[in-house]
Each structure stands twice: as C-alpha cells, then as structure tokens.
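Read the structure below first, then the notes.
The values are calculated or read from the model by the stated rules, or taken from the named source; none is laboratory data. Note that this is a predicted model, so its numbers are computed, not measured. Positions of Cβ are generated from backbone atoms using ideal geometry, with glycine treated the same way; all protein chains shown enter the neighbour counts.
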Amino acid sequence: MMMSEQAAARPADAPLVQAEDVKTYFTVKNEAGGKARVRAVDGVTFSIRSGETFGLVGESGCGKSTLGRGILALRPLSGGRIFFDGADVFALKGEARKQFRRSAQLIFQDPSGCLNPRQTVGGALLDPLIIHKIGDKVSRRLQALEMMDTVGLSAHYFDRYPHELSGGQKQRVGIARALLLNPKLVVCDEPVSALDVSIQAQVLNLLTELQRKYRLTYLFISHNLGVVHYVSDRVGVMYCGKLVELTDGDTLYRQPLHPYTEVLISAIPQIEAKKQGQRLVLQGEAPDPALPPGGCRFHPRCPRAADICRRTPPVFQEVSSGHFVACHRA
C-alpha cells in the first residue's frame with residue numbers, strides 16, 4: 001500500500017507522527033578499551049498532530065537530535081516503531097520511501113555546515129527538485145526563485161556562494177531547500193541556536209509564517225525552553241534519553257511538575273526584575289548515557305529525591321488531561 005492510500009485510510013483525528021517506545025543505542029569504546037552501549041534514546045513514546053508545533057527540549061546530549069533523525073529514518077532504531085501518516089517509516093520501500101523523503105524534511109542547526117561551499121545557492125535549491133524529477137529546467141528555476149522570495153532572499157543571491165552570505169541568510173537557504181518539496185513535516189533541529197539574537201527572532205517569525213502558509217507540522221528541537229515556549233503548541237522535556245514531561249506549552253511554563261523542568265524554566269532570562277524570582281541552580285553533571293543511574297535518571301541531581309527515586313524508575317504517565325510526567329513526587 002502506498003503512503004497516499006494509507007493517509008486516506010487514516011482517521012481524521014489520528015496523529016501525523018506516532019513514536020512508540022523508540023530506542024536508539026550506540027556502541028562505543030570505554031576507557032578500559034572495552035565496549036559500552038550508549039542509550040541515546042531509551043524508550044520514548046509521543047505523537048505529533050497535523051498542523052502543530054511539537055517542541056522537544058533538553059540539555060545537550062539528552063538524545064533529542066538523535067530522536068529527530070530517527071523520526072526521519074536517518075538513523076536506525078534499536079527498538080520501537082515510528083509511524084508517519086499511518087505507515088511504519090522503516091518498513092517503507094521503493095516509491096513509498098521516496099514519497100516519505102519528500103514529505104518529511106530537516107532544517108539543520110549549522111547553516112554553514114549544511115551547504116556545499118563549492119555550490120551556489122541556486123544549485124543547492126535545484127538539487128532536491130532534480131533528484132525527485134520535479135518539473136523541467138525552466139520551471140525548477142522559477143520554483144527556486146519563488147521560494148527564495150518567500151523566505152526573504154533576493155533573486156541576486158541565486159548565483160552567490162555560501163561564503164558570500166550571512167548566517168541568517170544561509171539559514172533562510174536551508175529553510176527554502178526544506179520547503180521546496182512541499183513537505184508535511186519539518187524537523188527543525190536547533191534552527192536558531194547558531195544565529196545572533198536579533199536574527200533568531202526574524203527566523204522564528206519566518207517559520208511561524210511559513211507554517212500558516214503551507215500548513216506545516218513542526219518538530220522543533222532546542223535546548224532553550226524560552227524559544228520552544230514561543231513557537232510550540234505542546235512541549236516534551238527530555239533528560240538522558242527519556243521523556244520526563246509532556247504537555248501544552250502554557251501549562252508547562254505555568255505549572256511544571258518535574259523538578260528538571262522547573263530548573264529549565266528558572267534558567268529563562270527575565271527582562272523585568274519582579275518576574276525573576278529565585279533562580280534554581282542544577283548541581284552536578286548530566287549522567288553518562290552509557291552508564292545511566294538506577295531508578296530515576298535525574299535523582300543524583302534532584303533536590304526532592306527520595307529512596308524510591310533511587311530504586312525504581314518512574315512511569316511516564318498522564319497525571320491530568322494531556323499532562324504527562326515521569327516522577328514519583330509529581
């Protein structure tokens with residue numbers, strides 16, 4: 001069955017993306033010269049609805065980018081399943097897999113590293129159209145120029161090279177390239193973290209406008225909860241390979257239930273002094289994903305840890321309508 005047929009059979013209220021107990025492990029050498037298994041993503045379950053922005057936030061190394069690439073089938077899974085439009089993405093073959101590649105695109109974190117320095121902007125934008133055999137030479141150029149205008153790039157940049165562009169302009173090229181194939185899902189992997197603050201706001205507003213115009217669904221990955229709260233409908237918080245909290249952005253910001261989420265929110269800079277309150281400081285270092293602590297993985301750094309937290313892993317469960325948390329003390 002083709003993806004289009006599966007989409008037609010999918011219920012109207014079914015999620016566009018469904019991740020079920022997703023696991024991604026890597027084997028690395030340890031200090032003793034042996035092998036260790038890094039649990040980058042360790043049993044994550046969530047869904048993304050059509051048309052929404054799902055934010056994924058956590059410290060560097062928590063597994064959020066690995067999870068995003070797993071959803072795009074760019075990394076093999078060690079366990080679990082990922083469904084897109086009702087289809088198991090790792091079971092797709094031939095034309096169905098090629099159609100999935102068009103429907104799910106990625107915006108990279110590093111706008112310089114994702115562009116070939118020996119290729120012009122026009123060449124970077126024409127490549128996906130050529131690969132997927134869309135249009136002819138004239139129509140491809142017109143599509144590329146139209147998309148450049150949509151993301152705020154002048155036509156005279158078409159024959160420029162990446163070193164002639166600013167960081168914000170390079171990221172606009174990356175966004176244009178991702179949207180040229182008319183995708184349903186776009187994974188935004190820290191798309192503004194490498195940009196100046198003033199440029200960050202412009203790119204975030206651009207992504208919001210493009211979502212409305214093209215009815216896009218975003219998975220927005222970031223370590224900055226302030227940015228995630230600004231753009232996201234729902235937010236998932238990851239820690240050491242696991243989801244520890246998930247709810248809508250406003251509820252998460254006003255009423256966090258997990259101690260780690262409280263720390264992340266406390267770290268958001270506040271302009272008004274009266275809103276700053278007491279800053280929560282997280283002690284210690286994030287655990288080694290090759291040697292995660294027993295029980296709750298956050299307990300060595302948690303100010304509210306009890307004996308049960310050290311002994312028993314908490315269950316990721318719904319504690320109120322749409323609000324999920326993995327914490328014995330929630």
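Condition check: surrounded by fewer than 18 Cβ atoms within 10 Å (Cβ to Cβ) and within 23 Å of Pro289 (Cβ to Cβ). Does Thr45 satisfy that?
Judged against the criteria, Thr45 is a match.
Which is buried (at least 17 other Cβ atoms within 10 Å of the Cβ) and part of a loop (DSSP other than H, G, I, E, B), of Pro128, Pro191?
Pro191
Please verify whether Arg160 is surrounded by fewer than 17 Cβ atoms within 10 Å (Cβ to Cβ), in contact with a Ser or Thr (Cβ under 7 Å, 6 or more places away or on another chain) and closer than 29 Å to Ala194 by Cβ, treating the condition exactly as stated.
Values: surrounded by fewer than 17 Cβ atoms within 10 Å (Cβ to Cβ): yes; in contact with a Ser or Thr (Cβ under 7 Å, 6 or more places away or on another chain): yes; closer than 29 Å to Ala194 by Cβ: yes.
Yes.
Does Val263 qualify as being under 18 Å from Gly51 (Cβ atoms), outside any strand (DSSP E or B) and not polar (S, T, N, Q)?
Against the criterion (under 18 Å from Gly51 (Cβ atoms), outside any strand (DSSP E or B) and not polar (S, T, N, Q)), Val263 does not qualify.
Conditions tested, residue by residue: (1) at pLDDT 95 or above; (2) more than 13 Å from the chain's Cα centre (by Cα).
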position	(1), (2)
Met148	yes, yes
Asp159	yes, yes
Ser166	no, yes
Val186	yes, no
Val192	no, no
His229	no, yes
Val237	yes, no
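Where residues in the range 29-60 are in contact with a helix residue (DSSP H, G or I) (Cβ under 7 Å, 6 or more places away or on another chain) and not aliphatic (A, V, I, L, M), which of them is nearest to Gly236 (Cα to Cα)?
My answer is Gly55.
Given the structure, is Leu142 surrounded by fewer than 20 Cβ atoms within 10 Å (Cβ to Cβ), assigned to a helix (DSSP H, G or I) and not polar (S, T, N, Q)?
Spelling it out, Leu142 is indeed surrounded by fewer than 20 Cβ atoms within 10 Å (Cβ to Cβ), assigned to a helix (DSSP H, G or I) and not polar (S, T, N, Q).
Could you check the range 68-103 and list, in sequence order, the residues that are touching a strand residue (DSSP E or B) at 6+ places or on another chain (Cβ under 7 Å) and in a loop (DSSP other than H, G, I, E, B)?
Leu72, Arg75, Leu77, Ser78
Of everything in the range 224-256, what is in a loop (DSSP other than H, G, I, E, B) and surrounded by fewer than 20 Cβ atoms within 10 Å (Cβ to Cβ)? Give them in sequence order. Full working, then the answer.
Start the filter on the range 224-256 by keeping residues that are in a loop (DSSP other than H, G, I, E, B), which leaves 224, 232-233, 240-241, 255-256.
Scanning the range 224-256 gives Asn224, Asp233, Gln255.
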